[in-house]
Amino acid sequence: MLPGYVSASDAAYYAGVPVGTIWRWASEGRIGKTGKGKSAGYCVFDLPKARRNEYTRELIEPGKPPPLPAGVRAA
């Protein structure tokens, strides 16, 4: 995988959202994606960081959705 790109499950954990949300954000152009299928990578620099408890890592607040590119409608 390219530097700066992570798996869908790692991206979902980082953002505090379901994997399906990562796939939707990528299809809408909100976050960068490379590859296809199970080898796809998602640009960690495009992802919003979730707030988590520093000791338990429990999710406090998911990251805010990245903005849609100009002229694109949400799925």
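The values are calculated or read from the model by the stated rules, or taken from the named source; none is laboratory data. What you are looking at is a predicted structure, and each value in this text was computed from that prediction instead of being measured. All Cβ positions, glycine included, derive from the backbone under ideal geometry; neighbour counts span all protein chains shown. To get the accessible areas, we keep the full protein, side chains included, count just its heavy atoms, and leave off ligands, DNA and RNA. Shrake-Rupley method; radii C 1.70, N 1.55, O 1.52, S 1.80 Å.
Observations, loosely collected:
- From the coordinates of this entry, Cα Rg over 2.2 N^0.38 Å is computed, and it appears in [x] 0.99; [y] 1.23; [z] 1.09 under the label [z].
- Crossing angle, helix 19-28 versus the chain [Cα axis fit, 0-90 degrees, rounded to tens]: 30 degrees
- Protein accessible area in the chain, 1.4 Å probe - carbon and sulfur %: 56 percent
- The GluC sites (Glu not before Pro) of the stretch 1-59 meeting both criteria, a DSSP state outside H, G, I, E and B (loop) and at most 10 other C-beta atoms within 10 angstrom of the site's C-beta, are 54, 58.
- The chain: chymotrypsin sites (Phe, Trp or Tyr not before Pro) in DSSP loop, at most 12 other beta carbons within 10 Å: 55
- For residue 29, net neighbour charge (Lys/Arg +1, Asp/Glu -1) across residues whose Cβ lies under 12 Å away: +2
- Proximal charge balance of residue 51 [Cβ under 15 Å; K/R count +1, D/E count -1]: +1
- Nearest-0.05 FRET efficiency for residue 2 and residue 51, computed from C-beta distance (R0 25 Å): 0.40
- Computed label-point distance, nm, for sites residue 68 and residue 39 using a 7 Å Cα→Cβ extension: 3.3 nm
- Accessible surface, the chain, averaged per residue in Å² (probe 1.4 Å): 68 Å²
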